[in-house]
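For reference, the structure discussed in these notes is given below.
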Amino acid sequence: MAATAVNAWNTIKSRHEELTKDPKFKPDKLAPLCARLDADGNQLDKQEEEKKKAGKILDDSDAEIESFKSKITAKHDEIQQLTDEIEELKIEGDLTDDTAAKAISQLAASWVNLARQRSDAAQQVAKLSTDQASLVKKAADQFKAKMEGAIAAEKRAKADGTKTLDQIKNQVAAYQKIATGMKDSDMAADIGSLYSTVSQLYSF
């Protein structure tokens, strides 16, 4: 049987039929409190998982960011290579009137082609950088929203759980008083054990 507040209370009730049959214990005021405590405890566990998922958002984005970095580095290398090639352009050999115009034309065409390639690579770097920045912002926003949501829900569960524990403590004392009045010390002791049991189940 799972360790829950509801199961702890049901176990005690199974040992003392007066707790389910005697009108002094009706309606059962501990059962709904125990159920509520379990719900708060489950909420805490759920929010711990949500916080882990928030962390995974950053982990998953890291791989994509590294991919962008690699592509940007490759493009920077390409730009540098094209720049070097532009700087190395020159007219080779002795020019005659017949070849001068042709050589200068070829040189200009090569320069324009390399310059265009370098411009295209620079634009690709700019786009990659923009996409990378968008990814970083998106991951950060998603992480922040999920983490803040989990923390807020966790805070509410802890506050409600603490309040419910106090209510259980008071109700246990009331039921113990009834059992003592019935001269049933065993039942009183069992009822009294409920609070110590459930208070150890969850960290509110």
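Only the coordinates and a few stated rules stand behind these numbers; no lab work does. Computed from a predicted model, the values in this text were never measured in an experiment. Cβ atoms come from the backbone with ideal geometry, glycine included; neighbour counts cover every protein chain shown.
Which is farthest toward the positive dipole end of the chain among Val198, Ser134, Ile12, measuring Cα position about the Cα centre, with Cβ charges +1 (Lys, Arg) and -1 (Asp, Glu)?
So the residue furthest toward the plus end is Ile12.
Can you give the angle from 0 to 90° between the axis of helix 185-198 and the longest principal axis of the chain, with both taken from C-alpha atoms, to the nearest 10?
Tilt relative to the chain: about 10 degrees.
What would the Debye formula give as log10 I(q)/I(0) at q = 0.19 Å⁻¹ for the alpha-carbon point model of segment 5-198, no solvent?
Taken in order of the listed q values, log10 I(q)/I(0) reads -1.15.
With +1 assigned to the C-beta of every Lys and Arg and -1 to the C-beta of every Asp and Glu, and no other charges, what is the dipole magnitude of segment 98-143 about the Cα centre in debye, to the nearest 20?
Value, rounded to 20: 60 debye.
For segment 136-204, build the convex hull from the C-alpha positions and give me its volume per residue in Å³.
Output value, Cα hull per residue: 57 Å³.
Relative to the longest principal axis of the chain, what angle (0 to 90°, nearest 10) does the C-alpha long axis of helix 30-88 take?
So the inclination is approximately 10 degrees.
Hey, which lysines would be in cross-link range of Lys137, C-alpha to C-alpha under 20 Å, not counting anything within fewer than 8 residues on its own chain?
Within the straight-line cut-off, Lys137 pairs with Lys51, Lys52, Lys53, Lys56, Lys69, Lys71, Lys127, Lys146.
For segment 28-87, just list the percent of Cα-Cα distances falling in each 5 Å bin from zero outward, please.
Going out from 0 Å in 5 Å bins, segment 28-87 shows 4, 14, 9, 9, 9, 8, 7, 7, 6, 6, 5, 4, 3, 3, 2, 2, 1, 0 percent.
Rounded to the nearest 0.05, what FRET efficiency do Ser134 and Glu50 give with R0 = 30 Å and r taken as the Cβ-Cβ distance? Could you check?
Between Ser134 and Glu50 the formula returns 0.80.
If I stretch the segment between Leu58 and Ser203 completely, what's the gain in nm (0.36 nm per residue apart, minus their alpha carbon distance), one decimal?
Length difference between fully extended and current span is 49.4 nm.
Taking the chain as the reference, fit the longest principal axis to its C-alpha atoms, fit the long axis of helix 97-181 to the helix C-alpha atoms, and give the angle between the two in degrees, 0 to 90, nearest 10.
10
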